[in-house]
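K.L.:
First the structure, then my questions, so here it is.
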Amino acid sequence: MTATTDAYAARYFETGTLEDIPSGHFIDGAEYPSVEGGMMEIADPGLGRVFTAVSAGDAADVDRAVRSAAWAFDEWRRMPAFQRGRILGAMATKIRENRDLLAVLEVLNVGKTLAEATAKVETAARTFEYYAGVCDKLQGDSLPIGFEQIGFSMLEPVGVVAQIIPWNYPMSTFARGVAPALAAGCCVVAKPAETTPHTALIFARLLVEAGLPPGVCNVVLGEGASVGAALSAHPDVAHVTFTGSPVTGTRVMQAAADHFASVTMELGGKSPVIALADCDIAKTADGVIGAIFENAGQICSAGSRLVVERAIHADLVAAVVDRARAITVGHGLRGNRMGAINSRRQMDRILEFIDTARAGGDRILCGGEAVADPKGGDGWFVAPTVIDDLPPDSPCVQEEIFGPVLSVQVVDGPADALRAANGTRYGLMAGIYTRDVSAALAIARDLKCGQVTINDYWGGGVEVPFGGVGHSGFGREKGLVALLSYLRTKSIVARVPASLS
Ligand code: ADP
């Protein structure tokens with residue numbers, strides 16, 4: 001902890017809340033209460049109790065925000081591109097200056113640890129920095145039609161875009177959607193998840209402080225079924241970037257289809273970590289632990305399946321279980337290695353998967369139960385859990401659990417590993433651990449997923465495109481390719497005389 005995070009934590013544990021945290025929708029550069037006056041309570045998962053409340057809007061607030069964004073679009077799209085870049089660059093600085101408050105609020109909203117939250121502040125800053133540099137480099141092509149026609153394409157922003165954000169990574173998901181949208185010249189209405197509103201509100205304010213004209217980035221708070229649905233159905237929204245569950249993603253696509261909005265879908269995952277027989281056991285175990293227990297496994301791209309060759313199964317699983325047992329679990333502001341589950345509902349869902357596996361006779365090697373914060377004795381926590389040698393049709397192999405549960409699948413050789421890895425309807429990410437890079441590359445080529453890492457599960461940063469195939473969704477975020485969601489090509493062709501008189 002820094003001196004400031006220490007002070008925030010001390011004040012929070014003493015008073016049960018924090019002062020001066022935003023609570024209203026952020027529309028047209030200022031905070032507003034809901035049109036109908038609605039509010040919702042926000043709980044700290046680490047204590048399992050409410051610590052503050054924020055506005056809960058409905059379609060009227062969404063309409064106000066979209067109209068504000070549509071109005072601001074005219075100014076934003078006319079602003080010289082280099083100036084847009086300077087504002088995004090200034091935003092990166094603002095984020096870093098506000099690191100401690102952002103990190104503490106992310107802990108209290110999500111339940112994650114301070115170390116995880118602090119790392120995500122930097123991820124968000126890096127994301128704005130990355131897209132700051134691209135604003136004045138978005139160029140079209142010259143079109144070689146013929147001597148008497150001059151043709152070119154230009155890239156133009158699509159207009160007002162919606163960002164529907166989940167509760168597991170509020171800051172980095174906001175940044176990876178909003179930064180490229182703004183870089184492209186679009187205006188934004190963002191909707192954070194019900195349980196995690198605060199950092200989006202602070203980001204929206206910091207953007208204005210960084211020079212963003214009011215209305216270019218708005219945040220509306222509230223339930224998915226009201227605010228999220230109204231936002232994806234709003235006729236003036238040209239594109240919806242959605243990160244969340246496949247079921248909700250389908251609803252968002254249906255709503256967007258009614259007004260011909262394009263969509264980016266970042267959905268679930270059941271990503272494999274493949275361990276070939278020649279891998280370095282200790283390093284692979286470290287990688288597996290990071291892949292599944294980061295953010296208590298509440299990550300769409302978590303490495304939630306260990307696909308391990310039989311020859312090293314016993315050794316690798318023993319190393320993983322040793323490490324899992326050593327993980328301290330508890331409140332994110334109390335220096336633990338693993339934090340809380342975001343809601344009681346999600347915790348119950350995770351425990352149901354574990355109970356079903358136990359009832360079916362599956363071997364739970366560690367964890368497998370809810371635990372409390374060792375100091376406070378409360379909160380929503382699930383112990384790091386490893387379930388061994390599961391068959392391919394097990395729910396723990398096929399379904400996204402979204403919690404700290406590692407499902408082990410034993411395979412015979414690289415071809416079998418590939419088959420197992422591709423054996424779900426998801427296809428988001430995959431990790432491969434081996435000393436044989438050529439085998440790893442052959443597996444990477446044939447994996448049905450959006451990204452593959454070799455000997456480094458979380459390898460990569462904002463530069464690396466991210467997205468899924470199959471039920472994990474479509475479209476790509478991060479990298480330069482993310483800009484394509486927020487830009488469209490206009491072709492212009494002029495007839496010109498063959499010669500001048
Ligand atoms: P979860 O069930 O884990 O909360 P969701 O996919 O439902 O996951 O939530 C992801 C985001 O989608 C959240 O911001 C949520 O409020 C929003 N959301 C939920 N329902 C809808 C909906 N019908 N239309 C649009 N957004 C929604």
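The values are calculated or read from the model by the stated rules, or taken from the named source; none is laboratory data. From a predicted model like this one, the values you see are computed outputs, not experimental measurements. All Cβ positions, even for glycine, are placed from backbone atoms using ideal geometry, and neighbour counts span all protein chains on display. Ligands, DNA and RNA are excluded from the accessible area calculation, which covers all protein heavy atoms including side chains. Shrake-Rupley method; radii C 1.70, N 1.55, O 1.52, S 1.80 Å.
K.L.:
What order do D58, D388, D322, D6 take when sorted by accessible area (1.4 Å probe), most exposed first?
P.N.:
D322, D6, D58, D388
K.L.:
Could you order E194, E36, E400 by accessible surface area, starting with the largest, using a probe radius of 1.4 Å?
P.N.:
E36, E194, E400
K.L.:
I would also like to ask the following. Would you grab the residues whose amide H sits under 5 Å from the one on T453? Only those 5+ places off in sequence or on another chain, please, with H modelled 1.01 Å from N.
P.N.:
Close amide H contacts, sequence-distant or interchain: A430, G431, I432.
K.L.:
I need the phi-derived Karplus couplings for the stretch 259-274: 6.51 cos²θ - 1.76 cosθ + 1.60, θ = phi - 60°, integer Hz, Gly and Pro marked x.
P.N.:
With coefficients 6.51, -1.76 and 1.60, one gets 10, 6, 7, 7, 9, 10, 10, 9, 10, x, x, 9, 6, x, 10, 8 Hz.
K.L.:
Among the lysines, which have Cα under 22 Å from the Cα of K478 when same-chain residues fewer than 8 positions away are ignored?
P.N.:
Cα-Cα hits under 22 Å: K94, K120, K137, K191, K270, K448.
K.L.:
Next question, about the same structure. Give me a comma-separated list of calculated 3J(HN,Hα) values for the stretch 367-374, in order, Karplus coefficients 6.51, -1.76, 1.60 applied at θ = phi - 60°, integers in Hz, x for any Gly or Pro.
P.N.:
Going residue by residue, I get x, x, 7, 6, 9, 10, 4, x Hz, with x marking Gly and Pro.
K.L.:
Tell me, what is the percent relative contact order of the stretch 272-461, built from C-alpha pairs under 8 Å that lie six or more residues apart?
P.N.:
That works out to 28 percent.
K.L.:
So, one more: Which value, in debye to the nearest 20, describes the size of the charge dipole of the chain about its Cα centre when Lys and Arg Cβ atoms bear +1, Asp and Glu Cβ atoms bear -1, and nothing else is charged?
P.N.:
Charge dipole of the chain: 840 debye, to the nearest 20.
K.L.:
Just the number, please: percent antiparallel of the DSSP beta bridges in the chain, rounded to the nearest 5.
P.N.:
Once the DSSP bridges in the chain are tallied, antiparallel ones form about 45 percent.
K.L.:
Heavy atoms of the protein only, probe of 1.4 Å, neighbouring chains included. What is the accessible area of F152 in Å², nearest 10?
P.N.:
80
K.L.:
While we're on this one: Work out, step by step, the length gained on full extension between R325 and R425: first 0.36 nm times the residue separation, then minus their alpha carbon distance; give nm to one decimal.
P.N.:
Here the answer is 32.9 nm.
K.L.:
Choose one of M39, P392, P235: the residue whose Cα lies farthest towards the positive end of the charge dipole of the chain (beta-carbon charges +1 Lys, Arg; -1 Asp, Glu; about the Cα centre).
P.N.:
Checked the options; the winner is P235.
K.L.:
Additional query: List every residue whose amide H lies under 5 Å from the amide H of G38, counting only residues 5 or more places away in sequence or on a different chain, with H placed 1.01 Å from N in the peptide plane.
P.N.:
Result for G38 returns A56.
K.L.:
Another one. Please give the solvent-accessible surface of K448 in Å², to the nearest 10, using a probe radius of 1.4 Å with every protein chain present.
P.N.:
Looks like 140 Å² after rounding.
K.L.:
If the cut-off is a Cα-Cα distance under 17 Å, which lysines reach K375, setting aside same-chain residues fewer than 8 apart in sequence?
P.N.:
K112
K.L.:
Charges on Cβ only, +1 for Lys and Arg, -1 for Asp and Glu, centred on the Cα centroid of the stretch 272-461; of G367, L333, I432, which one is farthest towards the dipole's positive end?
P.N.:
L333
K.L.:
Short version: ³J(HN,Hα) in whole Hz for each residue of the stretch 26-43, in order, from phi by Karplus 6.51 cos²θ - 1.76 cosθ + 1.60 (θ = phi - 60°), x for Gly and Pro, what are they?
P.N.:
Here the 3J(HN,Hα) series is 10, 10, 6, x, 8, 8, 9, x, 5, 4, 8, x, x, 9, 9, 7, 10, 9 Hz.
K.L.:
Which shape class applies to the stretch 314-360: rounded if a/c is under 1.5, otherwise prolate when a/b exceeds b/c and oblate if not, where a ≥ b ≥ c are the square roots of the Cα gyration tensor eigenvalues?
P.N.:
Because a/c hits 1.5 or more and a/b fails to exceed b/c, the stretch 314-360 counts as oblate.
K.L.:
Using DSSP to define loop residues, name the GluC sites (Glu not before Pro) in the stretch 67-154 whose beta-carbon has at most 16 other beta-carbon atoms within 10 Å.
P.N.:
Passing sites in the stretch 67-154 are E148.
K.L.:
Oh, and also: Would you compute, from DSSP H runs of 4+ residues alone, the mean residue ellipticity of the chain at 222 nm, taking -39500 (n - 2.57) per run and dividing by the full residue count, rounded to the nearest 500?
P.N.:
The helix contribution divided over the chain gives -12000 deg cm²/dmol.
K.L.:
What shape does the chain have by the C-alpha gyration tensor, where a ≥ b ≥ c are the square roots of the eigenvalues, rounded means a/c under 1.5, and otherwise prolate means a/b greater than b/c and oblate the rest?
P.N.:
Oblate is the answer for the chain, as a/c is 1.5 or above yet b/c matches or exceeds a/b.
K.L.:
Follow-up question, since we're still on this one. Please grab the % of Cα pairs in the stretch 42-187 that end up more than 27 Å from each other.
P.N.:
Beyond 27 Å sits 38 percent of the P(r) for the stretch 42-187.
K.L.:
Now for a different question. Give the accessible surface of the chain per residue, rounded to a whole number of Å², with probe radius 1.4 Å and ligands, DNA and RNA excluded.
P.N.:
Per residue, the chain has 39 Å² of solvent-accessible surface.
K.L.:
Hey, got the dipole for the stretch 272-461? About the Cα centre, +1 on K and R Cβ, -1 on D and E Cβ, debye to the nearest 20?
P.N.:
My answer is approximately 420 debye.
K.L.:
Continuing with the same structure: Taking square-rooted eigenvalues a ≥ b ≥ c of the alpha carbon gyration tensor, is the stretch 428-486 rounded, prolate or oblate, where a/c under 1.5 means rounded and, failing that, a/b exceeding b/c means prolate?
P.N.:
Cα axes put the stretch 428-486 in the prolate bin.
K.L.:
On to the next question. Working with all protein chains in place, sort M40, M154 by solvent-accessible area computed with a 1.4 Å probe, largest first.
P.N.:
Largest accessible area first, the list is M154, M40.
K.L.:
Let me know the whole percent of all Cα-Cα pairs from the stretch 272-461 that are separated by more than 27 Å.
P.N.:
In whole percent, the share of Cα-Cα pairs in the stretch 272-461 beyond 27 Å is 23.
K.L.:
Considering the options H198, A256, A179, tell which one lies farthest towards the positive end of the dipole of the stretch 170-269, charges being +1 on Lys and Arg and -1 on Asp and Glu at the Cβ, about the Cα centre.
P.N.:
Positive-most Cα among the choices belongs to A179.
K.L.:
Between T15 and V469, with labels modelled 7 Å along Cα→Cβ, what's the label distance in nm to one decimal, could you check?
P.N.:
5.3
K.L.:
Roughly what % of DSSP beta bridges within the stretch 272-461 run antiparallel, to the nearest 5?
P.N.:
20
K.L.:
Roughly speaking, to the nearest percent, how much of the chain's 1.4 Å accessible area is carbon and sulfur?
P.N.:
On the chain, the fraction of accessible area on carbon and sulfur atoms equals 54 percent.
K.L.:
While we're here: Before anything else, pin down the relative contact order of the chain: Cα pairs under 8 Å, at least 6 apart, normalised by residue count, whole percent.
P.N.:
18
K.L.:
Expressed as a whole number of Å, what is the distance separating the alpha-carbon centroids of the stretch 135-179 and the stretch 288-355?
P.N.:
Centre-to-centre (Cα) distance: 37 Å.
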